[in-house]
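Here the structure comes first, spelled out in structure tokens, and everything after it is commentary.
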Amino acid sequence: MSTAHTAHTAHTHAVPAASSTRGQINGILFVALFAAAVTRIAAIPSIANLGISPLIVGIVGGMIYGNALKDGMPESWAAGVNFSARKLLRIAVAFFGLRVSIQEIAQVGLPGLAESLLIVVSTLVIGTWAGMKLMKLDRDSALLTAAGSAICGAAAVLAFESTLQSKPHKSAMAVGSVVLFGTLSMFLYPALLRAGIIHLDTTGVGLFFGGTIHEVAQVVGAASNVSPEATHIATIVKMTRVMLLVPVLLIVGMWVNRSARGAASKDGAHAPRKLAVPWFALGFLACVAVNSLHILPEAATSTVNMLDTFALTMAMTALGIETRLSQIRDAGPRALTTGLILYVWLFAGGLGITWLVQHLLG
């Protein structure tokens, strides 16, 4: 009788486990199908010409579904959506490193590195200060908004979201800033250049566009309206900013952890759980090394990059599904205002940094 009871107990425990796994798989497949549809939408010429990547379309589409049809998805699928927004995200960010090589960064030399470093550091500092002190945003929202403007748009927001372990709606607010001001830059910068309001040579255009525009696609879209040489320089400078994602993540992780421990010690509370080293950042560096050493054939690298873009689109779509507009309503305008402050800085400060870099290092 005890044997029968044991078998019955094992069976009752096995069924929920199998059901949970099946639900997670279904959730991942749902996000993948959603991301496939999003990728097709992003390929429509009228959208692609705006420099709007599948990642952006993914989070917008996910938010529409998550808020308008939030009861249409079985509850058991939520685990799969969460997997896509968390674990798959980390893997995708690591493989993003295959888009960068040391040789490309070396082509623009010290001016490109100096431009990228000065822009990234200053924008992160100004964005965090303006968000927390002026706009009264919480730390995570301020950092996410600053990261999107400083480094590489939506991909940086995703990487910071994973490191900070922040709520999905905070990432959505930061991505909104990237979409609005990055798209504006893509059209405004070339127009100001043609009107003679901005006076830059080809190298200066590449440094300025690549150093200050949010998304890689937006940089290419803006610079392609100037010249192929400007596009080449701008793309390399932009990828140098992407390369800085890893050290920035490690430094921010240590800063956040030290601040949390200091606050806990002051209040007499238990120290918070230590933030783990973002392994995906180390994976990013490993992928940069692989790409720099040309270990993979060019066709294989291209295929992996395509799959990686799809994985990032899945992650953004999942974040959108998990986001509730009610969570954005209160802080949304303040996050966008922070993005506006950063946009003004990127334009005015970016021009100043470009002039300085060209005169001192050019």
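Bear in mind these aren't lab numbers, they're just calculated from the coordinates by the rules spelled out. Keep in mind the model is a prediction, meaning the values are calculated, not measured. Backbone-built Cβ (ideal geometry, glycine too); neighbour counts: all protein chains shown.
What would the Debye equation give as log₁₀ I(q)/I(0) for segment 32-166 at q = 0.22 Å⁻¹, counting only Cα atoms as equal point scatterers?
Cα-only, vacuum Debye calculation for segment 32-166: -1.37.
Relative to the compact globular guide of 2.2 N^0.38 Å, what is the alpha carbon radius of gyration of segment 188-265, as a ratio?
1.52
Specify the angular offset, from 0 to 90 degrees and rounded to the nearest 10, of the alpha carbon long axis of helix 154-164 from the longest principal axis of the alpha carbons in the chain.
For helix 154-164, the angle is close to 50 degrees.
State the answer as a single residue: which of Q165, S116, A223 lies farthest towards the positive end of the charge dipole of segment 17-361, with beta carbon charges of +1 for Lys and Arg and -1 for Asp and Glu, about the Cα centre.
The residue sitting most towards the positive pole is Q165.
Determine, for the chain, the count of lysine pairs separated by eight or more sequence positions (or lying on different chains) whose alpha-carbon distance falls under 28 Å.
Number of lysine pairs found: 22.
With labels modelled as points extended 7 Å from the Cα through the Cβ direction, what inter-label distance (nm, one decimal) is found for V344 paired with V125?
1.9
Note down, for the chain, the three equivalent ellipsoid semi-axes (square root of 5 times each alpha carbon gyration tensor eigenvalue), biggest first, whole angstrom.
In descending order, the three semi-axes are 38, 23, 21 Å.
With axes computed from alpha carbons, what is the tilt in degrees of helix 202-212 against the longest principal axis of the chain, rounded to the nearest 10 within 0 to 90?
30
Based solely on its DSSP helices, what 222 nm [θ] is calculated for the chain when runs of n ≥ 4 H residues each add -39,500 (n - 2.57) and the sum is averaged over all residues, nearest 500 deg cm²/dmol?
Details: 16 runs with 286 residues, N = 362.
When only DSSP H runs of four or more count, the value is -26500 deg cm²/dmol.
Taking the Cα centre of the chain as origin, work out the dipole magnitude from +1 charges on Lys and Arg Cβ and -1 charges on Asp and Glu Cβ, in debye rounded to 20.
That gives a dipole near 900 debye.
Report, to the nearest 10°, how far helix 2-42 tilts away from the longest principal axis of the Cα atoms in the chain, using its own Cα long axis and a range of 0 to 90°.
Approximately 30 degrees, to the nearest ten.
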